[in-house]
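Comments concern the structure below.
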Amino acid sequence: MFRRSRTRPLIALVALVAAVAACGTSGPSGGGDGGPFKVWALQDPVLNPIEKTSVEGGGGALETFGNDPYKQKVRVAIGSPNAPDVFFNWGGGNLKEYVDAGKIEDLTPVLDANSALKDAFLPSVLDGAKIDGKYYGLPMRGMQPVVLFYNKDLFTSANVQPPSTWDDLLTLVDTFKGKGIQPIALAGSQAWTELMWIEYLLDRVGGSEVFQNIRDKGPAGWKDPAVLEAATKVKELVDRGGFGTNYASVGYDVGGASTILAQGKAAMHLMGSWEYTNQLGQSPDFVKNDKLGWVTFPSVTGGKGKPDTVVGNASNYYSITSSSKSLEAAKKFVSTALTDDKYVQSLIDAGDVPAVAGVKDKLAKAANSEYTTWIYEQVEKASTFQLSWDQDLPADQATKMLTQLQELFLGKLAPQAFVDSLAQG
């Protein structure tokens, strides 16, 4: 789930200009012990100026790349003489392949030597780059948990409340269908939107350990009975009419699902936290008039999972290549720049919610504070932040999983066949 905000509100851009201008020499002053160092990151027109100021303030140089070219470029470069010293990544399995190849610097000694640095980040997010008990990256952008959004007007007119349990959600499906309203918006032309449903369902049914076992021990883990139960619940929701009948032709990148929610044609929408800024940019009156609501994903009665677990993109991380000739300068940069007050404030001004502890006061003073503070608190109290499966699995397994998942949603693959296919690897 690489997606983040499709658009950003103008207010964030305006605030950013001021923040970057004020940021000046954010970050440590000069590499000093081996720099300059080279930093690679994903293109983002809002965040790149902040990152550039931070990197250059530390004595480095930032290069940015588009999404798909970036992934290919990193894959080719890591371990070669052309590798960057510091590089942006998503943590999880995406990073693990490089760690297993011995190409990434273990940052555990850096954190052990500086407890204040370790305590500066929310634990559930910091763990997103923790592999085999060691830390290989530090959070460098905002958090992106998946949230259940809803249309307040539709809920008020139906005299119902947002769901707190899976049974509540099924009842709401029947209620809204009875009123001729599509219960849930789904951009079903893109499998990553469907992924969010089964990620949360598996976690609520079987607990976080089920997917962690799949990730760590291989495809046989898909045989866990909780996977079949989660897939069965997906099929039941589809068959019940939860997503209507045209979801397979709806796209997210063109604003389809978000528009359906904002126009009152659907009651709920499960999406990454960037949906808020998308709605603010695409349907500003819907947000500003307090019509957009949000809640955590429902619990499943009898499920082993904890209701406070969140899934999504925990954050993005800076990791250091072991072959860096500016190793000490790179370590100094990641250990000082990412918690720098001006850098953190710049992220907040841009609309991001940093994975840094103790920023509630800053969030409360920023635009859209009710929402950003809620996001922060959800992650802060989360016992686990499950990284999106397509980021946490090796690329070939993730591709197959998304393909099979889309077949499940389309009714072309039964839940048991879904499990059997993935368990074959």
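The values are calculated or read from the model by the stated rules, or taken from the named source; none is laboratory data. Not measured: the values here are computed from a predicted model. Because the Cβ atoms are built from the backbone with ideal geometry, glycine has one as well, and the counts that use them run over all protein chains shown. When the accessible area is computed, the model is the full protein with side chains, heavy atoms only, and any ligands, DNA or RNA have been set aside. Shrake-Rupley method; radii C 1.70, N 1.55, O 1.52, S 1.80 Å.
Dipole size in debye (nearest 20) for the chain around its Cα centre, Lys and Arg Cβ +1, Asp and Glu Cβ -1? List each step's numbers first, then the result.
Numbers: 40 positive and 47 negative charges, 99 e Å.
With only Lys, Arg, Asp and Glu charged at Cβ, the dipole is about 480 debye.
So how much slack lies between residue 157 and residue 72, counting 0.36 nm per residue of separation and subtracting their Cα-Cα distance, in nm?
Gain in length upon complete extension: 25.7 nm.
If you find the alpha carbon centre of segment 70-127 and of segment 202-232, how far apart are they in angstrom?
Value for the Cα centre distance between the two parts: 26 Å.
Under 21 Å between alpha carbons, and skipping anything fewer than 8 positions from residue 73 in its own chain: which lysines qualify?
Within the straight-line limit of under 21 Å, residue 73 reaches these lysines: 38, 52, 96, 103, 325.
Could you state the angle between the C-alpha long axis of helix 225-239 and the longest principal axis of the C-alpha atoms of the chain, as a value from 0 to 90 degrees rounded to the nearest 10?
Helix 225-239 sits roughly 60 degrees off the main axis of the chain.
GNM, the chain, Cα, under 10 Å: largest mean-square fluctuation among 355, 414, 314?
Between 355, 414, 314, it is 414 that shows the largest mean-square fluctuation.
Size of the chain along its principal axes in angstrom, Cα-based, largest extent first?
Sorted largest first, the three principal extents are 67, 50, 35 Å.
Give, as a single signed number, the net charge of other residues whose beta carbon lies under 13 Å from the beta carbon of residue 155, with Lys and Arg counted +1 and Asp and Glu -1. Walk me through the numbers before you get to the answer.
Details: positive: 152, 179, 291; negative: 153, 168, 290.
So the environment of residue 155 carries a net charge of 0.
Provide the per residue accessible area, probe 1.4 Å, for the chain, rounded to a whole number of square angstrom. Write out the running numbers ahead of the final one.
Details: 16450 Å² over 425 residues.
Each residue of the chain exposes 39 Å² on average to a 1.4 Å probe.
Relative to the first principal axis of the alpha-carbon coordinates of the chain, what is the inclination of helix 166-178, with its axis defined by its Cα atoms, in degrees from 0 to 90 and to the nearest 10?
The two axes meet at around 60 degrees.
Taking residue 362 as the anchor, which aspartates and glutamates have their alpha carbon closer than 20 Å to its alpha carbon, excluding any fewer than eight residues away along the same chain?
Cross-link targets: 51, 119, 340, 341, 349, 352, 370, 377, 380.
Rounded to the nearest 500, what is the 222 nm mean residue ellipticity of the chain from helices alone, with -39500 (n - 2.57) per DSSP H run of 4+ residues and division by all residues? Don't skip to the end; give the middle numbers.
Numbers: 22 runs with 206 residues, N = 425.
Taking each H run of at least 4 residues, the total per residue is -14000 deg cm²/dmol.
If a/c stays under 1.5 just call it rounded; otherwise compare a/b with b/c (prolate if a/b is bigger, oblate if not). Do that for segment 182-260, with a ≥ b ≥ c from the square roots of the Cα gyration tensor eigenvalues. Let's see the in-between values first.
On the way: a/c = 2.90, a/b = 1.94, b/c = 1.50.
The shape class here is prolate.
Could you give the angle, 0 to 90 degrees to the nearest 10, between helix 67-77's Cα long axis and the longest principal axis of the Cα atoms of the chain?
For helix 67-77, the angle is close to 50 degrees.
May I ask you to derive the FRET efficiency for residue 295 and residue 367 from their Cβ-Cβ distance with R0 = 25 Å, giving the value to the nearest 0.05?
Working from the Cβ atoms, E equals 0.70.
If the reach is capped at under 18 angstrom between alpha carbons, list the lysines near residue 412, excluding any in the same chain fewer than eight residues apart.
233, 235, 400
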